[in-house]
Every structure is written in C-alpha cells, then in structure tokens.
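Comments concern the structure below.
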Amino acid sequence: MADVTELMRMATRARDNAYAPYSNHPVGAALRTDTGRVYAGCNVENAAYPVGNCAEQAAIAAMVLGGESRIAEIVVVGPNGALCTPCGACRQRMREFAAPDMRFHACTETDVLMTMTMDQLLPESFGPDNLK
Ligand code: THU
C-alpha cells in the first residue's frame, strides 16, 4: 500500500506535468483510495482563467474514472517548497468522497508541511447525507 512518501513522489511527478503558464504555480496531487490504489492529477490552466482546473480536481476525476469513490489519504505538492493548501471548491470536492478523519497532507517534494483532517479542512460541511 502506498505510504505518504510514495504519494509525495507521485504528486511531485504530477506537478512536473502541470500546465500553469498564467499563475506559474504548478501543483500536483496524489490520493490513495480505501482499496489502496493511487490516482494523481495536476492543475491545468486556461487562457480563459476561470476554466482552469485544480490538481485535486484532476486526481478525483481520475479516481472516479477508475471506478472508485473513497479517498483514504491525499497529498498535494506545490512549487518551490511553498505550503499549498486546498481552495474552498476542492475542499468541497474532497468532502464528497472522504470521511471526516481522511488526512490531507500539504507537502514539498521531501517533507510534510501540514496535515489536516477533512473535518478540519471543512467543518460543519454539507455532504451527500444532507440530501437524504
Ligand atoms: N491550485 C491547485 O491546483 N490546487 C491547490 O490546492 C491550490 C491551487 C492551482 C489552481 C491554479 O492553477 C493555481 O494553483 C494558482 O491558484
């Protein structure tokens, strides 16, 4: 099963393929599901700025395409050793597929800078249960 170091390696590799010519802020994400499989994604920007996608969004889309829907752990690696915490929309995107104790790690290529649970990232969140 992929540990955090392996997720950091995959997120870094994904970041290296990011398309971020407008922000110059390449980001990679790698998540492990409850079955142990790993999915990665990078941000993809667009000349029409709001059309761009976040790295977490791409990793989640790959997971869904892979037929899976439970995030056990996720790593994000930003540029230049900078702390890269998820935007509000990606917190909600992760929330759809994560338990409250799911761990999010903001990392560099080599270090974990910050770890937060899903519930810390998005307290009192709205999720699938609210529609039952
Ligand atoms: N970005 C991500 O891909 N993930 C994050 O967690 C934060 C921000 C991207 C979006 C945009 O392409 C660039 O970083 C600058 O905001």
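Derivation of every value follows stated rules applied to the coordinates shown; laboratory data play no part. Model, not experiment: these values are computed from the prediction. Glycine also receives a Cβ, built like all others from the backbone with ideal geometry; neighbour counts cover every protein chain displayed.
What is the magnitude of the charge dipole of the range 5-124 about its Cα centre, with +1 placed on the Cβ of each Lys and Arg, -1 on the Cβ of each Asp and Glu, and no other charges, expressed in debye to the nearest 20?
Once rounded to the nearest 20, the dipole reads 160 debye.
Only sites in a loop by DSSP and with at most 14 other Cβ atoms within 10 Å count here; which chymotrypsin sites (Phe, Trp or Tyr not before Pro) in the range 39-132 make the cut?
PHE126
How large is the Kirkwood hydrodynamic radius of the chain, in angstrom, based on all distinct alpha carbon pairs?
14.5
At a 10 Å Cβ-Cβ cut-off, how would you order SER125, SER69, fewest neighbours first?
Listing SER125, SER69 from fewest to most nearby Cβ atoms yields SER69, SER125.
Calculated FRET efficiency, ASP101 and LEU131, Cβ-Cβ r, R0 30 Å, to nearest 0.05?
Step by step, r from the Cβ atoms, then E = 0.85.
Full extension from THR5 to THR115: what is 0.36 nm times the residue separation minus their Cα-Cα distance, to one decimal in nm?
This chain segment gains 38.3 nm when fully extended.
Mean separation of Cα pairs under 8 Å and 6+ residues apart, divided by the residue count of the chain: what relative contact order is that in percent?
21
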